[in-house]
Every structure is written in C-alpha cells, then in structure tokens.
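**Q** Here it is, the structure in full.
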Amino acid sequence: MTEGDRAVDATAGNGNDTVFLAEKVGFSGCVHAFDIQEEALSNTLEKLNKKGLQRRVSLLLTGHEYLLQYVQEPVSVIMYNLGYLPGGNREITTKCDTTLESIKQALKLLLPGGLITIVLYPGHPEGAEERNYLLPFFADLSTSDYTVSQYKLINQGHGPPELVVVQKNLF
C-alpha cells in the first residue's frame with residue numbers, strides 16, 4: 001500500500017486494522033470501515049482521533065455485505081477479522097452468508113496485485129462454521145485470477161486463528 005490508495009476494513013471491531021490501514025493510505029488515501037455495532041465504530045473513532053487519522057476514514061454503521069453500496073472505486077487492500085467484537089457481546093458474530101456475500105463483492109473491487117486478508121476464528125462454534133463454509137469457496141477461486149494462501153498454527157489446540165490471504169493476480 002502506498003500514499004493515496006483506497007482500502008476497506010470490513011470488520012472495524014476495536015479499530016486496530018482501521019488505524020493500520022489509515023496510516024498506510026496516507027493523507028490523500030481513504031479507508032472505508034464497516035461494522036454493525038455502534039460500540040465498535042465508537043472504539044474505532046477514538047483510536048483514529050488519538051492519532052489524527054479520522055479524516056482518512058469513512059465509518060459505516062452497516063454490514064459488510066453492503067460493501068458495493070458504499071464503495072465503488074477500486075481498492076488495494078480489504079481486511080476481515082471475523083468473529084465477535086473483543087470485549088463485546090459474544091452473541092453478535094459475523095455470519096457465513098453475509099461474510100461470503102461481502103467477500104464476493106470485495107473480489108470485484110480489488111485492484112490487480114491487491115490483497116484480501118481474512119482472519120478466521122474456529123475456536124468458537126460460529127467461527128468454526130464460518131471457516132468450514134468459506135474455505136471451499138477460497139479453494140475454488142480461479143488460479144488464473146487469484147493466488148490464495150492459508151496460514152494456521154499447527155502446534156496449538158483450541159482452534160487458534162487462521163489467516164487466509166487472497167491476492168488478485170497482476171495479469
């Protein structure tokens with residue numbers, strides 16, 4: 001990512017990924033951050049304000065499955081941190097169908113060479129279901145269009161987080 005890029009944080013959460021992206025896109029770039037919880041966007045705004053980055057970010061109180069309704073320009077990076085809001089209500093989680101819909105839309109927005117990162121949390125029931133629902137979709141993406149990698153910790157129990165990275169091929 002470089003100055004002027006556009007990015008999406010599809011799950012703003014407590015704002016760490018949003019802040020990271022806002023720092024990377026620079027003064028002339030833009031980040032769109034989605035979350036369905038006001039608490040999450042409030043936490044995110046507080047972190048952005050502390051670093052003076054709030055003008056680079058559009059905070060959207062809506063589900064990431066509405067990505068294309070709010071973002072039309074191509075983006076360099078889209079980040080997903082699935083599951084529930086750390087420190088929040090664990091009953092409010094990302095869902096298989098809306099996450100898949102969002103990822104399908106994200107693929108349409110991604111610039112050649114761009115990345116989508118998805119952190120999966122199979123250590124809780126909804127997270128395990130989401131992981132099992134999404135991995136076949138990623139495995140079926142066209143190898144001529146995308147390179148997909150999966151990273152997971154194999155020496156830890158209790159369903160540690162897993163990372164999926166989708167890169168849109170340059171040509």
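FYI, it's all coordinate maths here, none of it is from the lab. In this text, all values refer to a predicted model and were calculated from it rather than measured experimentally. Here the Cβ is made from the backbone with ideal geometry for all residues, glycine too, and neighbour counts use every protein chain on show.
**Q** Taking residue 50 as the anchor, which lysines have their alpha carbon closer than 21 Å to its alpha carbon, excluding any fewer than eight residues away along the same chain?
**A** 24
**Q** As a check on your grasp of the helix formula, calculate [θ] at 222 nm for the chain: sum -39500 (n - 2.57) over DSSP H runs of n ≥ 4, divide by the residue count, round to the nearest 500.
**A** Taken over the chain, the calculation gives -10000 deg cm²/dmol.
**Q** If packing is taken as the average count of other Cβ atoms within 10 Å, what order do 77-83, 100-106, 141-147, 48-54 fall into, highest mean first? Please report the intermediate quantities before stating the final value.
**A** Details: 77-83: 23.7, 100-106: 19.1, 141-147: 11.3, 48-54: 14.0.
Top to bottom by mean Cβ count within 10 Å: 77-83, 100-106, 48-54, 141-147.
**Q** Can you return the lysines within cross-link range of residue 108? Criterion is Cα-Cα under 21 Å, with same-chain partners fewer than 8 residues away left out.
**A** Cross-link targets: 95, 168.
**Q** Provide the FRET efficiency to the nearest 0.05 for the residue 96-residue 20 pair, computing r from the beta carbons and using R0 = 30 Å.
**A** 0.70
**Q** Could I ask something else about it? Given a cut-off of under 8 Å on Cα pairs at least six residues apart, what relative contact order in percent is computed for the chain?
**A** 19
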